[in-house]
Structure formats: C-alpha cells, structure tokens
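Accompanying notes for the structure given below.
All of the numbers you see were taken from the coordinates with simple rules; none came from a lab. Just so it is clear, the model here is predicted, and its values are computed rather than measured. For neighbour counting, all protein chains shown are included, and Cβ atoms are generated from backbone atoms with ideal geometry for every residue, glycine included.
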Amino acid sequence: MKKFINSVDGMLAESLDGLAAAHADLVALGPERKFVRRRELNPKKVALVSGGGSGHEPLHAGFVGYGMLDAACPGQVFTSPTPDQIVEAAQAVVGEAGVLFIVKNYAGDRMNFEMAVEIAEGRTATIVTDDDVAVENSTHSIGRRGVAGTLIVEKIVGAAAEKGVDLKGCVALGERVNARTRSMGVALTSCTVPAAGTPTFSLGEDEMEVGVGIHGEPGRRRVKLERADAIADEMTTAIAQDLDARDGAEALLLVNGFGGTPTIELYLMYNAARRMLEKRGLRIARSLVGSFVTSLDMAGCSLTVSLLDAETSALWDHPVRTAALKW
C-alpha cells in the first residue's frame with residue numbers, strides 16, 4: 001500500500017485539519033472534529049446536515065458552505081458517523097426554521113441518523129437518497145443505495161433553503177429530486193482501505209465490476225472489460241429505462257469519478273453517455289463532470305441522470321460556494 005499518510009489512526013483528523021485550514025473562509029471544525037460547519041451561518045434558513053463514512057471526498061464535507069450544506073459529519077473510513085456527532089452538528093447550525101438531515105440509504109447511516117433524530121431537540125426532518133439502479137439490496141443498504149445522486153439533492157435543496165423555502169417545502173423538493181434521479185457505477189479496480197492495507201476485492205486486468213457501490217461492494221456482475229461506448233450504453237440503458245422519461249425531457253448529467261480515474265477518461269465517458277441519452281430522447285440541459293463522490297483510490301465512474309423542470313433548473317444554477325463546488 002502506497003498512500004500519503006503519517007499513521008492510519010490519524011489520517012482522518014489530519015485530513016480534516018487540512019480541509020479547515022485550506023478553506024478557513026468557508027468552514028470551521030466542530031469540537032473534537034466531530035463535524036464540519038459553515039463559517040457563516042444564517043439562523044433564519046432551514047439548516048441542512050448530512051454525513052457518512054470518510055473516503056468519499058469531497059462528499060460530504062466538501063459541500064459545506066453557501067448554497068449547500070450547513071454541516072457535515074465525517075465518520076471513519078467507510079463507517080457511519082455516530083449519533084452524538086450528528087446531534088452536535090445539528091445543534092451547532094440549527095436556526096429558526098429547523099434542521100433537515102440528508103441521508104444516503106445505507107444501513108449504518110440510516111440507523112445512526114434515526115437515533116440522532118430521536119435525541120435532537122427542535123424541528124427536524126429527513127430525506128433518504130436511494131438513486132442507485134444497479135441493485136435493490138446489499139449488505140450495506142435497505143433497498144436501493146444512495147450514491148452520487150445525493151450531491152444533486154444537496155445542491156438543489158441547499159439552494160431552496162438559501163431562498164427561504166421552509167422545512168416542509170425543502171422535504172417535498174428533496175423527495176421529488178431524489179425520485180427523478182438515477183445512478184449506476186462501474187469499477188475498473190478495487191479501492192484500498194488504509195486500515196486494511198490491501199485491496200477490498202480483486203479484479204483481473206481484463207475485468208470490471210458492473211453496478212458497483214461506493215464502498216466497492218459488488219453490483220450486478222463481473223465481466224470482461226469493454227469499450228467505453230459499450231459501458232456507457234449499458235449504464236444509460238439501465239438509467240433511462242428506470243426513469244421512464246418522456247421524449248424531450250430536460251436532464252442533468254453527472255459523470256462522477258471514483259477517485260482513481262483521470263479527468264480525460266471522465267470527459268470521454270460524458271461524451272458517450274450524452275450521445276446515448278440524447279438518442280433516447282433526453283435533452284442534456286445541465287452537466288457536471290469530476291470526482292465528487294469517490295471510493296478512495298478506486299478506478300471507475302458512475303453516471304447520474306436527474307430529470308429537471310423549471311424550478312429545479314433554476315435552483316441548480318443558484319450560486320454555491322463550498323470547497324468542492326463554486327459558481
């Protein structure tokens with residue numbers, strides 16, 4: 001294992017210190033690094049809190065800031081944050097309008113956020129993201145997994161909260177965006193969890209894992225490596241069939257790298273996916289390409305398609321200032 005670390009036990013703490021120092025104008029660390037919060041809070045808006053295991057950076061801490069999250073709770077690598085982390089984060093950012101938790105559909109995340117809701121004081125609500133079309137159940141999730149589509153929910157609902165939408169309205173919007181968002185991923189290599197020191201699984205030089213989750217958990221099947229167009233065709237077919245969108249519908253296309261894929265390959269996949277989706281009658285009105293929901297050093301990518309309307313298009317274009325996204 002070759003990684004830039006001083007010690008496995010101190011890796012997360014040192015990384016969070018670096019994040020806070022590099023983006024001190026945007027974020028601050030909570031006590032004992034239990035959470036990352038916005039530097040400047042708006043007590044009148046709905047506060048958005050998310051979190052999950054580390055190793056998926058920039059999700060979630062990289063999306064803390066104006067137009068997105070008010071706080072994020074980083075667990076240890078691939079491990080859910082604890083209920084006390086979540087409660088303390090909510091208490092640090094809650095204002096007059098309450099707190100909205102955005103939770104990926106993984107068993108550990110669901111359990112700990114549900115426990116936090118029971119403990120937390122004041123008005124709270126929860127949105128669960130479950131955009132992965134590749135698998136209905138896994139050892140980590142209850143039903144479909146919440147993967148890169150979580151970013152789209154956080155961005156659009158975060159914009160709505162900035163504009164003064166109340167807690168009930170933010171929940172309804174987030175559920176609508178989640179219902180209109182689908183993702184699928186393919187891995188070309190495994191990732192290596194620092195505490196383990198060896199790859200989570202092994203793939204031959206001519207193999208790929210289709211439908212992989214963001215922790216490297218298996219998806220639909222393991223097959224021989226194919227050309228990029230063939231990979232994009234399978235992914236977009238599964239997504240388009242699941243969305244069942246009307247002809248001419250506007251959509252956002254997110255091509256997300258898993259941490260070990262060069263940008264040149266992500267744009268190649270975007271080009272392939274765009275062409276295939278347009279052949280199926282979708283109009284790609286918004287785009288995002290980059291590594292936003294990663295799996296440590298895994299090579300591979302996911303495609304996410306989110307159907308847009310006038311409201312969600314405008315909210316996507318709303319200004320955002322976070323460590324990972326700024327426009």
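Between their Cα atoms, which of Lys2/Lys155; Lys3/Lys326; Lys44/Lys168; Lys45/Lys155; Lys3/Lys104; Lys155/Lys279 are more than 25 Å away from each other? The answer is Lys2/Lys155; Lys3/Lys326; Lys3/Lys104; Lys155/Lys279. Dividing the mean sequence gap of close Cα pairs (under 8 Å, 6+ apart) by how many residues the chain holds gives a relative contact order of 18 percent. Here r is the Cβ-Cβ distance between Met115 and Glu311 and R0 is 30 Å; the resulting FRET efficiency, rounded to 0.05, is 0.35. Remark: relative contact order (the stretch 20-103) = 36 percent; criterion is Cα-Cα distance under 8 angstrom and separation of 6 or more residues. Within the chain, the longest run free of exposed loop sites, counting GluC sites (Glu not before Pro) that sit outside DSSP helix and strand states (H, G, I, E, B) and have at most 13 other Cβ atoms within 10 Å, spans 206-327. Other residues with beta-carbon under 13 Å from the beta-carbon of Asp244 carry, at +1 per Lys or Arg and -1 per Asp or Glu, a net charge of +2.
Backbone N atoms of the stretch 143-165 closer than 15 Å to the 7 Å Cα→Cβ label point of Arg123 belong to residues 161-165.
Residue by residue through the stretch 12-21, what is 3J(HN,Hα) from phi via Karplus (6.51 cos²θ - 1.76 cosθ + 1.60, θ = phi - 60°)? Round to whole Hz and write x for glycine and proline. Working through the residues one at a time gives 5, 4, 5, 5, 5, 4, x, 4, 5, 6 Hz.
Converting the Cα gyration tensor eigenvalues of the stretch 1-101 into ellipsoid dimensions via √(5λ) gives semi-axes, longest first, of 24, 14, 11 Å. Summary value for the stretch 75-180: 26 percent relative contact order, contacts being C-alpha pairs under 8 angstrom separated by 6+ residues. Amide H contacts of Arg39: Val27, Ala28, each under 5 Å away and 5 or more positions distant or on a separate chain (H built 1.01 Å from N in the peptide plane; Pro and chain starts excluded).
Here the average projected area of the convex hull drawn through the C-alpha atoms of the stretch 181-310 stands at 7.6 nm². The length gained on full extension between Asp25 and Ala285, counted as 0.36 nm times the residue separation minus their Cα-Cα distance, comes to 90.4 nm. In order along the stretch 278-289, phi translates into HN-Hα couplings of 5, 5, 8, x, 7, 10, 7, 9, 9, 9, 8, 10 Hz, rounded to whole numbers, per the Karplus curve 6.51 cos²θ - 1.76 cosθ + 1.60 with θ = phi - 60° and x for Gly and Pro. Backbone N atoms of the stretch 140-168 closer than 11 Å to the 7 Å Cα→Cβ label point of Glu175 belong to residues 168. Between the labelled values [x] 34, 59, 6; [y] 30, 50, 19, 1; [z] 26, 44, 25, 5, 0, the entry that holds P(r) over Cα pairs in 20 Å bins from 0, in percent as derived from this structure is [x]. Remark on Gly75: its backbone amide H falls under 5 Å from those of Gly52, Gly53, Ser54, a criterion applied only to residues 5 or more positions apart or on other chains, H modelled at 1.01 Å from N. DSSP assigns beta bridges within the stretch 181-310; of those with both partners inside it, close to 70 percent run antiparallel.
For the pair the stretch 78-135 and the stretch 251-327, the centres of their Cα atoms are 25 angstrom apart. The charge dipole of the chain, taken about its Cα centre with unit charges on the Cβ atoms of Lys, Arg (+1), Asp and Glu (-1) only, comes to about 520 debye. A crude spin-label estimate for the pair Arg222 and Glu278, with each label 7 Å from Cα along the Cβ direction, gives 3.7 nm. With K and R counted +1 and D and E -1, the other residues having a Cβ less than 12 Å from that of Lys224 yield a net charge of -2. Within the shell of other residues whose beta carbon sits under 14 angstrom from the beta carbon of Leu308, the net charge comes to +3, with Lys and Arg scored +1 and Asp and Glu -1.
Each of Gln91, Trp327, Gly185 was scored by the projection of its Cα onto the charge dipole of the chain, and the greatest displacement toward the positive side belongs to Trp327; charges sit on the C-beta of Lys, Arg, Asp and Glu.
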